[in-house]
Structure formats: structure tokens, C-alpha cells
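Below is one structure, written out as C-alpha cells; comments come after it.
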Amino acid sequence: MTLKTCARNLVVLSVVLSNELEKNTVVKPLFDDIFSGQHYSEVMSKYILPFSVFGTVFGAAVLLKNHVTGGPCPSKATIKGKTVVITGANTGIGKETARELAKRGGRIIMGCRDMEKCETAAKEIRGKTLNPHVYACQLDLASVKSIREFAERIKQEEERVDVLINNAGVMRCPAGKTEDGFDMQFGVNHLGHFLLTNLLLDKLKESAPSRVINLASLAHIVGKIDFEDLNWEKKKFDTKQAYCQSKLANVLFTRELAKRLQGTGITVNAVHPGVVATELGRHTGLHQSQFSSSVLSPFFSLLVKSPELGAQPSVYLAVSEEMEGVTGRYYDVMTEKEPAPLALDEEAARRLWEVSSRLFVLHQKGVGRFFSQRYKTSLFFLRSMAEPQRKGELLPEDVGTDDCLTSYTHIYSPDLLKDQVAFITGGGSGIGFRIAEILMRHGCDTVIASRNLDKLKEASKKLSAASGRRCLPLCLDVRKPESIAAAVDETLKELGRIDILINNAAGNFLCPATSLSFNAFKTVMEIDTMGTFNTSKVVYEKWFQDHGGNIVNISATLGYRGQALQVHAGSAKAANDAMTKHLAVEWGPSGVRVNTVAPGPVSGTEGFRRLGGPRGEAAGAFQSIPLQRAGNKTEMAHCTLFLASPASSFVTGAILGLFCPPPDPGYWSSDKKRDK
């Protein structure tokens with residue numbers, strides 16, 4: 001007999017017993033005998049009625065508990081071949097979620113702060129489920145460094161990520177700061193998962209259809225995002241309100257992320273798992289006194305879920321066939337509900353996203369660490385992040401994925417490039433994607449060209465939707481002049497002109513010269529150097545020779561000083577810098593300007609990841625850069641916009657070296673006859 005059945009029977013029995021005893025003439029004398037002559041009414045008052053009341057209350061409480069638990073996940077789906085990442089999985093809901101999904105055949109990555117407990121939990125789950133693919137990984141959501149290292153490990157070691165369950169959290173803990181100076185509850189519950197999710201988006205997209213599940217709480221209904229004081233520096237700390245703020249942030253983040261990921265195959269949902277008996281509540285009042293912990297706690301435990309039941313909503317959202325394609329929703333246990341009105345505020349969701357993004361941009365500069373250690377406060381940058389952007393105050397917005405910006409502040413007139421056409425190689429991702437977006441936001445139509453047409457088509461839809469301008473995706477291989485010629489012909493047929501050429505296509509990887517094959521060196525030279533020359537020559541002959549135009553080559557600072565493992569890319573980029581100067585001299589008389597943007601490390605790019613960006617940042621590799629940080633893609637795009645626009649109408653043959661100035665160009669001549 002289940003607890004639910006016992007409770008129901010107890011309620012019925014207590015009611016029936018009290019009723020029958022009240023009217024039964026046979027039972028009354030019996031009670032008189034049993035209780036040694038005591039009057040029946042005295043017995044009823046002293047023994048039976050209290051028993052009846054207790055039974056009714058107890059049974060009703062248990063029935064209520066079973067009503068709100070939702071029971072086990074109704075889906076029997078298995079997830080063999082799928083990879084699930086779960087944060088905070090060494091105890092409570094996270095551990096039971098890991099166990100249930102391991103039982104269903106998944107490959108489980110448990111991200112935990114306490115590795116000893118995590119290893120023990122992983123070993124236990126492997127033993128109980130007989131699933132050997134359960135792994136413990138170090139993840140401290142109170143440390144940006146740890147989050148980046150964890151994400152990097154997942155990207156390098158895992159072929160796919162099908163489900164990300166942002167389960168970890170802290171609740172009503174004493175005032176404290178994360179390693180990077182953020183309020184502990186806001187930093188762990190929201191910012192940590194915000195960063196982790198964004199760092200894993202590429203892997204989630206590659207694994208689509210995939211799912212992101214954020215564990216929220218009913219507490220979000222009394223939460224409020226205080227954009228003026230997110231870090232509790234100006235007002236008295238209230239641990240309850242800090243927790244509720246972080247849970248509201250979870251729901252707002254869910255809705256905004258779902259909006260941004262439409263069409264990618266990734267769904268994002270938030271869930272309140274119910275009231276569950278876990279270690280999360282160790283800081284609540286129930287555990288703060290001897291009386292509450294010894295007297296009230298046992299009764300309270302009758303009303304809350306076990307961790308096993310508490311895990312069922314997460315499991316349901318992770319595996320249920322009914323959840324396929326469902327996104328941006330809030331679930332109370334396993335039932336979709338409308339969240340609190342503040343959680344439906346789209347402007348607040350967008351603002352929270354921007355604030356969160358900029359906080360991590362600033363941390364990348366080292367500002368968070370600088371303020372927390374040297375000035376012992378993060379008030380300044382937290383407050384400035386919450387205020388509207390002002391010119392010169394903050395870095396331009398950027399996102400780490402190949403997605404368009406949600407908001408943009410024009411530096412130049414929005415019609416600076418009105419009705420012009422830009423031809424961009426490698427424009428489907430990374431810096432090329434952002435360059436295309438920024439040019440289009442200034443009135444330009446674009447062609448984005450590379451070998452991956454499917455990726456280009458997806459990118460072109462995003463770019464056109466964000467800018468309202470036309471974006472034509474074309475397949476080409478910059479190593480093949482005939483392929484370029486066909487793409488240029490198609491551009492002229494569809495768009496009628498080419499005003500700007502951005503030579504952005506490139507290939508790179510880390511490799512010592514002794515291990516570099518002859519073919520690998522040749523391939524990089526063919527893509528980076530020959531590709532730049534091939535595309536420039538074809539566009540010049542087919543259009544620029546008679547109409548003029550602007551060429552911007554995207555180079556790198558690799559060739560300006562010796563760098564290990566980069567002889568192939570450094571040589572190719574150095575050749576491009578020389579090519580820029582030579583072509584500027586030769587084609588200047590035809591009204592063609594040729595310039596170069598040479599970025600250093602740029603965050604949010606595949607090249608940055610392959611070259612060990614986060615690890616290099618953690619190791620202080622950017623200390624030689626005057627600004628002490630990597631750049632972002634929007635900054636690179638702004639430099640390109642300047643060189644491609646009339647703002648630089650008398651600039652040609654220039655190399656705009658970012659973060660590391662190019663060598664002294666010395667004297668160069670534009671006199672062709674004298675050069676002969």
C-alpha cells in the first residue's frame with residue numbers, strides 16, 4: 001500500500017470513526033467498559049477527536065503533497081547516444097536527474113564544484129544504472145575562470161551536447177561575492193549559467209535538435225531586477241530578495257535566449273521543480289534553530305518532495321517527445337504555467353541580457369578582478385552596466401556566437417553606405433559575419449561567400465532579418481579563380497554592382513614548424529594569400545577597373561613579431577600586408593583604395609578558441625597589449641567600416657594594426673615609371 005493510499009484511508013477512517021462512534025449504541029457501552037467507567041463523551045473529547053483531527057490534517061497534507069509533486073515523468077523515452085551536461089549534479093535534484101538520465105542510456109557530464117563528492121556520486125550512479133558513461137568534471141559557477149575552462153573542456157572532448165541542464169544554485173546564503181566580485185546568488189544562479197550556456201551554444205547548435213533547461217523557482221514571482229544595484233552595494237543586503245532576483249533572472253534569461261535562438265533547433269525552457277528536500281535550503285530559517293530543526297522540520301518533510309521526485313520535471317523537459325520544438329515556456333513541475341508579470345517584460349529581458357553580456361566583456365579586460373582586489377568594490381562597473389550606453393563609456397555590444405546584435409548604437413550615419421554592395425569572403429561566421437552585419441546596418445547590401453552554402457544561407461537570413469538589407473549567400477572557393485569569377489558574375493547579375501571587397505577568408509591552426517607538413521603550409525598560403533590575391537584580381541578586372549572601389553584585407557598581427565606555432569599563418573598574413581601596399585600603388589589611379597585591418601586576439605571567434613583564447617587569457621597572455629584585453633568582433637567591424645566608407649576617402653595602403661602596431665612602413669613610391 002502506498003503512502004498516498006494510506007493517507008486517503010486515514011482521512012476516511014478518522015471521519016467515519018468519529019461519526020459512527022457518535023451514533024452507535026453498541027460501541028458506546030464497549031468504550032465505557034474499556035475506559036473503566038469513563039463517560040463516552042469524555043473519551044471522545046480526550047482521545048478520539050484529537051486522533052480524528054490529526055488523521056484528517058496529516059492525510060490532507062500528504063494528499064496535497066502528492067497533488068503538487070506531479071509524480072514520475074510520464075515519458076518512457078531513452079536517450080542512448082545523446083550527451084547531457086548537468087550542473088550541480090553531486091547531490092539533490094541534480095544527482096537524481098543524472099541518475100535517471102543515465103538509466104535512460106545518456107552520456108552524462110556532471111559539472112560540480114566539489115570534485116570529491118562529484119566523483120563519489122558519479123561512481124554510485126554508474127553502479128546503480130550499469131551505465132559506464134557518467135563523468136565528473138570540475139565546475140565552479142562562482143568563478144569565470146572555472147566556467148570557461150569547463151566549457152572549453154566540453155567543446156574539445158565531447159562530440160555533441162544534446163541537453164544542457166542548468167541545475168546548480170545557492171539559496172538565501174549570507175552576503176558574499178563570487179571570485180569575480182558578483183553577488184553570490186546572482187553570480188551563481190544567473191550569471192554563471194548565462195556564461196556557460198553562451199559558451200556551449202555552438203556545440204548545442206551542432207547537435208540540434210537540442211535543449212536547454214533552466215531550473216527556476218516559484219520564488220521568481222516576488223523577485224525584482226534592480227538594475228541600479230545588482231550587486232547590493234547601495235542598499236542593505238536582503239538574502240531572500242537576492243535569491244528571488246536571481247530566480248526572476250532565470251526566467252527572463254530563458255525567454256530572451258529562446259527568442260534569440262529561434263530557427264536554430266535549440267529549445268530553452270524554465271522549470272520550477274516544486275518544494276524539494278535538498279541541501280539547497282540549508283540557509284533557510286527552518287534549519288537556523290534547535291526548535292525548528294527538531295520539531296518543525298519532521299512535519300515539514302511530510303509536505304516536500306524527495307529529490308527523486310524533484311528531478312522528474314527536469315527529466316520530463318529533457319526527454320519528453322511532447323517537448324519537441326517547445327521553447328520559451330515556464331513550467332510549474334510538469335505543467336506549463338504563465339510566469340509572473342515581471343517575467344514577461346521583454347524590455348527587462350533584453351536589458352538583463354545586455355547587462356550580463358557587458359559584465360563578462362569587462363571581466364575579460366580584468367576590470368572585475370582589478371576592482372575587487374584593488375578598490376574592493378565592483379559598484380562602479382555594475383552600475384555603469386545597468387545604465388544606457390553612452391559614447392566612449394563602454395565597449396560596443398558583441399555576442400560570442402554567430403548571431404546578430406540585439407541592439408546597436410550607430411557611430412556613423414545609418415545611411416553611410418546606402419545602396420552600396422559589399423562582397424565578403426568568409427562572411428558566414430566570426431569576424432566576417434559581424435562585418436557583414438555592421439555594413440548592412442549602415443545601408444549596404446552584401447554578398448557573403450564561402451564553401452559552406454548551408455551555413456551561409458542560415459547566416460544570410462539572420463543578417464537580413466536584423467538589418468532589413470539584402471544578403472546574398474554564394475558558394476565559392478577562394479583558391480579557385482573560376483569559382484570566384486562565377487560568384488562575382490552572379491553578384492553583378494543580382495545586385496548590379498560591387499563597391500566594397502572584404503577579403504576575410506582564412507585558415508589557421510597551431511602547429512610547430514617541425515611538425516608542419518609541406519601540404520599544410522601550402523594550404524594556408526593558398527587560402528590566406530592566394531585567396532586574397534585571386535579575389536582581388538577577379539573583382540578588379542570585372543568591376544573595380546572601370547568603376548573604382550574599396551578593398552579591405554583582414555590580416556593579423558602574427559607577422560609583426562616572431563610567434564611559436566604560427567609560421568604558416570604569420571607568413572601568409574605578412575604577404576597580405578605587402579600585397580596591400582603594392583595593390584594600393586598599382587590600382588590607385590583607377591580609383592581603388594586598398595587597406596588592411598590586422599586584428600590581434602578577437603573573442604568569440606573560432607580562431608580565438610583554436611588558439612587557446614580563454615586559457616591564454618587566464619595565463620595573462622594579453623598583458624603585452626596596451627588595453628590588456630582581447631578585442632571583440634564589433635570593434636573589428638567598426639575598423640573595417642571606417643576603411644570601407646567615405647570617412648577614409650584619402651586613406652590607401654594603410655595597415656590598421658590592432659593591439660600591436662605594424663612595423664614602420666618606411667618609404668614607398670607610387671611612381672610606376674620610376675619603380676621600373
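The values are calculated or read from the model by the stated rules, or taken from the named source; none is laboratory data. All values reported here derive from a predicted model rather than from experimental measurement. Every residue, glycine as well, gets a Cβ built from its backbone with ideal geometry; the counts of neighbours run over all protein chains shown.
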Look at residue 217 and say whether it is buried (at least 18 other Cβ atoms within 10 Å of the Cβ) and out of contact with any helix residue (DSSP H, G or I) (no Cβ under 8 Å at 6 or more places or on another chain).
-> no
In this structure, is residue 568 over 20 Å from residue 481 (Cα atoms), crowded, with 22+ Cβ neighbours inside 10 Å and modelled with pLDDT of 90 or more?
-> yes
Scanning for something surrounded by fewer than 21 Cβ atoms within 10 Å (Cβ to Cβ), among the β-branched types (Val, Ile, Thr) and either over 21 Å from residue 232 (Cα atoms) or at pLDDT 90 or above (or both), does the stretch 311-322 turn up at least one residue?
-> no
Pick from the stretch 265-292, criterion among the polar types (S, T, N, Q) and either more than 28 Å from residue 321 (Cβ to Cβ) or modelled with pLDDT under 90 (or both), ranking: surrounded by the most Cβ atoms within 10 Å (Cβ to Cβ) = 278
Taking residue 100 as the residue in question, decide whether it is within 24 Å of the chain's Cα centre (by Cα) and assigned to a helix (DSSP H, G or I).
-> no
Residue hits (the stretch 199-239; more than 30 Å from residue 264 (Cβ to Cβ) and either of a type in the set (Lys, Arg) or not assigned by TED's automatic domain parsing to the domain that holds residue 316 (or both)) are 224, 234, 235, 236
What pairs come up if the first residue lies in the stretch 241-264 and is assigned by TED's automatic domain parsing to the domain that holds residue 192 and at positive phi, the second is surrounded by fewer than 24 Cβ atoms within 10 Å (Cβ to Cβ) and not basic (Lys, Arg), and their beta carbons are under 9 Å apart, counting only those six or more places apart or on different chains?
-> 263/458
Those residues of the stretch 145-201 which are touching a Ser or Thr at 6+ places or on another chain (Cβ under 6 Å), buried (at least 21 other Cβ atoms within 10 Å of the Cβ), closer than 19 Å to residue 251 by Cβ and not hydrophobic (A, V, I, L, M, F, W, C), in sequence order | 166, 167, 185, 187, 189, 190
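Report, by residue number, each residue of the stretch 549-598 that is charged (D, E, K, R) and in a helix (DSSP H, G or I). Full working, then the answer.
Applying the first criterion (charged (D, E, K, R)) to the stretch 549-598 yields 561, 573, 577, 581, 586, 593.
If the condition is that a residue be charged (D, E, K, R) and in a helix (DSSP H, G or I), then 573, 577, 581, 586 are the ones that fit.
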Could you check, for the stretch 515-532, whether at least one of its residues is crowded, with 17+ Cβ neighbours inside 10 Å, assigned by TED's automatic domain parsing to the domain that holds residue 469, over 24 Å from residue 421 (Cα atoms) and acidic (Asp, Glu)?
-> yes
Filter the stretch 94-137 down to the residues that are within 24 Å of residue 211 (Cβ to Cβ) and hydroxyl-bearing (Ser, Thr, Tyr), then identify the one that is surrounded by the fewest Cβ atoms within 10 Å (Cβ to Cβ).
-> 135
Which of the following residues is surrounded by fewer than 21 Cβ atoms within 10 Å (Cβ to Cβ), at negative phi and either polar (S, T, N, Q) or at pLDDT below 90 (or both): 387, 482?
-> 387
Check the stretch 153-164 and report whether any residue there is without any contact (Cβ under 8 Å) to a residue 60 or more places away in the chain, in the same structural domain as residue 341 (by TED's automatic domain parsing), assigned to a strand (DSSP E or B) and within 28 Å of residue 340 (Cβ to Cβ).
-> no
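Is one or more of the residues making up the stretch 432-439 closer than 22 Å to residue 631 by Cβ and more than 26 Å from the chain's Cα centre (by Cα)? Can you show your working first?
Taking the stretch 432-439 and keeping what is closer than 22 Å to residue 631 by Cβ, we get 432-439.
This time we only want the ones that are more than 26 Å from the chain's Cα centre (by Cα), so: none.
Looking through the stretch 432-439, none of the residues is closer than 22 Å to residue 631 by Cβ and more than 26 Å from the chain's Cα centre (by Cα).
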